[in-house]
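J.: The structure that follows is given in the form of structure tokens.
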Amino acid sequence: MNKPLQLIRTLPDIKKEQPALAIRKVSKIFPSDDGYLNVVDNVSFDIAAGELVCLLGPSGCGKTTLLKLIAGFIKPSAGDIQIQDRRVSRPGPDRCVVFQEDALFPWLTVSENIAFGAKGLIPKDRLAAEVDRHLEMVGLGAFRDYLPKEISGGMKQRVALARVLILKPQLLLMDEPFGALDAQTREDMQNLLLSLWEEFSHTIVFVTHDLVEAITMADRILLMGSNPGKIRSEIPVNLSRPRKKESNAFHSFFRNLRSRL
Amino acid sequence: MKKLRPYRQILPWIIPGILLTVWFAACRFGWVPDYLLPDPFRIVKTGYIYLFAQADSGPYAGRFLADASASLLRVGFGFSLAVVTGIPLGVLSGRVATCRRLMSATVNGLRAVPGICWLPLALVWFGIGMRTTVFLVALAAFFPIYINTAAGTRQVNPLLYQAGAMLGVGRIRGIFAILLPAAMPQIISGLRLGLGLSWAYLVLGELTGVPNGLGAVIMDARMLGRIDIIIVGIILIAILGRLSDLLLNTTLCLFFKSARRSA
Ligand SMILES: Nc1ncnc2c1ncn2[C@@H]1O[C@H](COP(=O)(O)OP(=O)(O)OP(=O)(O)O)[C@@H](O)[C@H]1O
Ligand SMILES: [Mg+2]
């Protein structure tokens with residue numbers, strides 16, 4: 001009787017020290033025409049619970065690959081990925097991805113797409129209400145019965161966001177989710193995500209190649225370089241929130257960051 | 001739905017109208033002898049007798065129901081066999097590279113054999129009757145169903161699986177929740193092609209001396225020189241084929257969201 005009790009008592013302390021996500025010397029090698037391609041090369045970093053980290057890097061440097069490794073869609077060639085203290089071996093609803101491209105199910109309506117993953121997790125009598133709540137959260141209440149092909153790109157990304165938020169994941173992996181949107185919609189989506197994040201404090205890994213987006217969103221920026229894909233440097237963003245893109249502090253941070261690319 | 005302008009509505013009927021007129025004129029003015037091509041009124045009359053007259057009140061009278069149900073049964077049986085083998089095998093070879101390699105040479109080899117070549121063999125194996133026809137129908141319908149299912153499931157966007165996996169869908173549920181719906185448009189076209197071929201091979205199977213069925217009636221009428229019955233039979237097969245295609249489509253749409261929404 002004594003031992004298990006002790007264990008429970010000490011568990012919260014352990015969790016505090018444990019990062020939400022730990023990447024340990026992870027490499028990913030793809031076979032290619034002339035031998036092999038070292039897409040992710042010996043990458044290590046930690047992310048604390050509730051932290052919003054941006055992965056910033058040029059196209060083709062391995063951002064998507066790194067995200068897919070964390071999601072568990074592909075296995076690292078070397079190294080170890082841990083969430084809390086469990087090793088990632090396959091995909092699961094505790095780590096949800098908002099994909100770079102449209103990955104909604106085209107034969108399901110907006111509300112059915114959002115309900116898809118929640119079916120097994122949320123009791124039937126509460127499911128409809130939860131779906132409605134998430135529809136409203138991303139501002140798509142009027143489009144619940146539309147098919148993906150009938151809504152705009154920005155709306156699709158909002159559906160993609162809602163269908164993972166409904167699972168209440170600890171870790172949100174977002175792969176240039178707003179990359180294909182116009183400036184105004186993109187800013188709206190950033191604000192939406194930030195307000196949701198402030199409310200629910202998920203841990204977020206946010207991939208982007210847009211400096212302004214990274215500075216607007218991130219607690220910390222991980223700068224990636226290509227060939228082979230490495231973390232070149234780690235830059236904390238110590239600007240107060242909400243961040244104004246017009247402010248002097250923002251501008252000087254932007255200039256500083258750009259000079260380091 | 002948008003209303004079509006009147007001339008657009010009559011457009012599809014112009015060619016059949018002209019053909020019918022020419023046919024009618026050809027018979028009236030004696031351009032072709034009656035024993036080669038009876039005039040349209042005779043066809044309508046024969047059709048009426050074949051469909052609705054009291055059974056046994058004359059040759060072919062009232063036989064339609066018996067013939068049609070015999071034929072439908074054979075098509076239904078053969079087509080169902082093709083579906084229950086073609087779709088699972090198609091999914092397997094669409095998703096598992098080993099299965100694809102295992103089966104592709106065999107399937108392509110068999111597919112290259114014209115269906116009619118199987119007829120003599122089927123007659124030896126199964127004798128004249130139901131089983132030969134069902135075998136031919138199933139064999140013919142299998143290939144388009146298998147090939148389209150394999151192609152459709154193979155081309156499913158891998159992102160959809162990854163999305164499914166992250167949303168907690170396991171492998172088995174993934175087949176029904178993601179794979180089949182995503183491949184549905186191609187599976188449907190395979191099924192429709194297969195059903196069309198089923199009717200073709202039904203007639204082939206029934207030409208071999210079975211006592212009933214629409215194909216048998218046509219063959220029988222040829223021996224007796226009843227061109228009108230042959231034409232009636234052809235028209236009825238066309239109508240039944242079209243109706244069964246509609247039925248297939250409606251059924252799929254009724255049961256599968258993905259079929260309803262792929263249009
Ligand atoms: N499955 C794969 N097999 C072989 N090579 C791959 C595979 N996936 C990615 N690559 C290669 O890895 C490199 C990095 O790809 P990745 O998609 O991770 O880049 P990215 O940083 O996300 O780029 P972008 O900003 O354009 O999305 C590319 O050169 C790509 O060709
Ligand atoms: Mg990418």
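J.: Between the alpha-carbon centers of the range B:1-55 and the range A:29-101, tell me the distance in whole angstrom.
T.: 69
J.: Compute a Gaussian network model of chain B, connecting alpha carbons closer than 10 Å, and tell me which residue from B:Pro16, B:Pro144, B:Pro59 fluctuates the most.
T.: B:Pro16
J.: From the phi of every residue in the range B:159-169, what ³J(HN,Hα) in whole Hz does the Karplus formula 6.51 cos²θ - 1.76 cosθ + 1.60 yield, where θ is phi - 60° and glycine or proline is x?
T.: My calculation for the range B:159-169 gives 4, 5, 5, 4, 4, x, 4, 6, 8, x, 8 Hz in order.
J.: Going by how many other beta carbons lie within 10 Å of each one, how would you line up B:Ile229, B:Ile116, fewest first?
T.: With the sparsest Cβ surroundings first, the list reads B:Ile116, B:Ile229.
J.: Put +1 on the Cβ of each Lys and Arg and -1 on the Cβ of each Asp and Glu in the range A:105-168; which of A:Leu161, A:Thr109, A:Met137 then has its Cα farthest toward the positive end of the dipole?
T.: Going by the Cα projections, it comes out as A:Leu161.
J.: Further question: Which ordering of B:Tyr50, B:Tyr35 is given by a fewest-first count of other beta-carbon atoms within 10 Å?
T.: Going from least to most buried by this count: B:Tyr35, B:Tyr50.
J.: Taking H as built 1.01 Å from N, whose amide H comes closer than 5 Å to the amide H of A:Tyr146, not counting residues under 5 places away?
T.: A:Val110, A:Ser111
J.: Considering only DSSP beta bridges with both partners in the protein assembly as shown, what is the antiparallel share in %, to the nearest 5?
T.: 55
J.: Pop out the ³J(HN,Hα) list for the range B:97-114 in order, Karplus 6.51 cos²θ - 1.76 cosθ + 1.60 with θ = phi - 60°, rounded to Hz; leave Gly and Pro as x.
T.: Running phi through 6.51 cos²θ - 1.76 cosθ + 1.60 with θ = phi - 60° gives 4, 4, 5, 4, 5, 4, 9, 4, 4, 4, 4, 5, x, 5, 5, 6, 6, x Hz.
J.: Can you find, among A:Gln84, A:Cys54, A:Gly72, the residue sitting farthest towards the positive end of the charge dipole of the range A:42-164, where Lys and Arg contribute +1 and Asp and Glu -1 at Cβ?
T.: So the residue we want is A:Gly72.
J.: Now a separate question. Using DSSP to define loop residues, name the GluC sites (Glu not before Pro) in the range A:77-130 whose beta-carbon has at most 16 other beta-carbon atoms within 10 Å. Intermediate values should be presented prior to the final figure.
T.: On the way: sites: A:Glu101, A:Glu112, A:Glu130; in loops: A:Glu101.
For GluC sites (Glu not before Pro) across the range A:77-130 that sit outside H, G, I, E and B with at most 16 neighbouring Cβ atoms in 10 Å, the list reads A:Glu101.
J.: For the range A:207-219, take each phi angle, set θ = phi - 60°, evaluate the Karplus expression 6.51 cos²θ - 1.76 cosθ + 1.60, and give the result in whole Hz per residue in order, putting x for glycine and proline.
T.: 8, 7, 10, 9, 4, 4, 4, 4, 5, 5, 9, 7, 6
J.: About the Cα centre of the range A:105-168, what is the dipole size in debye to 20, counting +1 per Lys and Arg Cβ and -1 per Asp and Glu Cβ, all else neutral? Before the final figure, lay out the partial values.
T.: Numbers: 10 positive and 7 negative charges, 41 e Å.
Once rounded to the nearest 20, the dipole reads 200 debye.
J.: Structure shown: which of A:Lys28/A:Lys149; A:Lys124/B:Lys257; A:Lys63/A:Lys156; A:Lys28/A:Lys168; A:Lys75/A:Lys168 lie over 27 Å apart, alpha-carbon to alpha-carbon?
T.: Working: A:Lys28/A:Lys149 35 Å; A:Lys124/B:Lys257 20 Å; A:Lys63/A:Lys156 22 Å; A:Lys28/A:Lys168 29 Å; A:Lys75/A:Lys168 24 Å.
Listed pairs above 27 Å: A:Lys28/A:Lys149; A:Lys28/A:Lys168.
J.: Amide H of A:Ala78: which non-local residues (sequence gap of 5 or more, or other chain) have their own amide H closer than 5 Å, using H built in the peptide plane?
T.: Result for A:Ala78 returns A:Ser27.
J.: I've got another one for you. Anyone know which of B:Asn148, B:Asn212, B:Asn157 comes out most mobile in the 10 Å Cα GNM of chain B?
T.: Evaluated over chain B, the most mobile residue of the options is B:Asn157.
J.: Then there is this: Among B:Lys45, A:Lys68, rank each residue by its count of other Cβ atoms within 10 Å, from fewest to most, as a rough exposure measure.
T.: By the 10 Å Cβ count, ascending, the order reads B:Lys45, A:Lys68.
J.: Which residues' amide hydrogens lie under 5 Å from the amide hydrogen of A:Ala218, considering only partners 5 or more residues apart or on another chain, with H built in the peptide plane?
T.: Hits under the 5 Å cutoff: none.
Bear in mind these aren't lab numbers, they're just calculated from the coordinates by the rules spelled out. Because the structure is predicted, anything quoted here is derived from the model rather than measured. Cβ coordinates were reconstructed from backbone atoms using ideal geometry, including for glycine residues, and neighbour counts include every protein chain displayed.
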